[in-house]
Amino acid sequence: MKLVVVSAGLSAPSSTRLLADRLAAATTERVDAEVGVEVLELRDYATEIAQHFVTGFPPARLAAALDAVAAADGLIAVTPVFSGSYSGLFKSFFDLIDKDALTGKPVLVGATGGTARHSLVTEHALRPLFTYLRAVVLPTAVYAASEDWGDEGLASRIARAGGELARLMVPSAAAPDVDTSAAIAPRSLHGAVTSVDPADGFEVTPFAERLEALRVG
């Protein structure tokens, strides 16, 4: 079983990496199985990320990092808050992730900042980002302001979030094997979610015709 931790902290040491490590420890403590943990410090990949955007091809080390995220059984993603949102480095990395790589993958999100004023960044920025990528974002997101360190409330949130991720990483022994691809809503040629698989073929009635039918009726 593999847990990948993505930390977008820019300093060494950083509070972002500290929060990421604590979330990883809280998760592995609650998994009744051997868990391999891989930490990706995005500041070490900054040059490769920029090269990928310019050339369209990831350098080997960045490609390995992207593959690690795609192959993980669980993901922890933590960013510092810049201008009220996630950092540009954090967003750039996840912009390079294949659009289907995180589908159905449990993701624990966290953020750090200098003040509690930014505590909703996990809800208005991080959660929508990973929901768009069709990941399973855990109910508990963890934000740590400077004054939170050493506080029992932060420790409690970390423990709760770690427990949630551990439960999703380990499938229930009583549950039969299920083809999880069937749970992904099919999409039309324009990307809209639809209840009909486009591969089966179906007719689309133009909206103008539907309106005209209503007027006649």
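Length gained on full extension, VAL136 to LEU211: 23.3 nm, using 0.36 nm per residue less the C-alpha separation. Would you mind classifying the stretch 104-157 by shape? Square roots of the alpha carbon gyration tensor eigenvalues, ordered a ≥ b ≥ c; an a/c under 1.5 is rounded, otherwise it is prolate if a/b is larger than b/c and oblate if not. The shape class here is oblate. Backbone geometry of the stretch 67-76 corresponds, through the Karplus equation with coefficients 6.51, -1.76 and 1.60 at θ = phi - 60°, to 3J(HN,Hα) couplings of 5, 4, 5, 5, 8, 5, 7, x, 10, 10 Hz, x marking Gly and Pro. For HIS124 and LYS99, the difference between the fully extended length at 0.36 nm per residue and the C-alpha to C-alpha distance is 7.0 nm. Spacing of the modelled spin labels on ASP44 and ASP151, each 7 Å from Cα toward Cβ, amounts to 3.1 nm. Of the trypsin sites (Lys or Arg not before Pro) in the stretch 103-165, which ones lie in a loop per DSSP and count no more than 16 other C-beta atoms within 10 Å? For trypsin sites (Lys or Arg not before Pro) across the stretch 103-165 that sit outside H, G, I, E and B with at most 16 neighbouring Cβ atoms in 10 Å, the list reads ARG134. Extension gain, ALA68 to VAL170, is 34.9 nm, computed as 0.36 nm per intervening residue step minus the present C-alpha separation.
Readers should treat all values here as calculations from the given coordinates under stated rules, not as data from a laboratory. Worth saying up front: this structure is predicted, and the values here are computed from it rather than measured. FYI the Cβ positions are ideal-geometry reconstructions off the backbone, even for glycines, and counts take in every protein chain you see.
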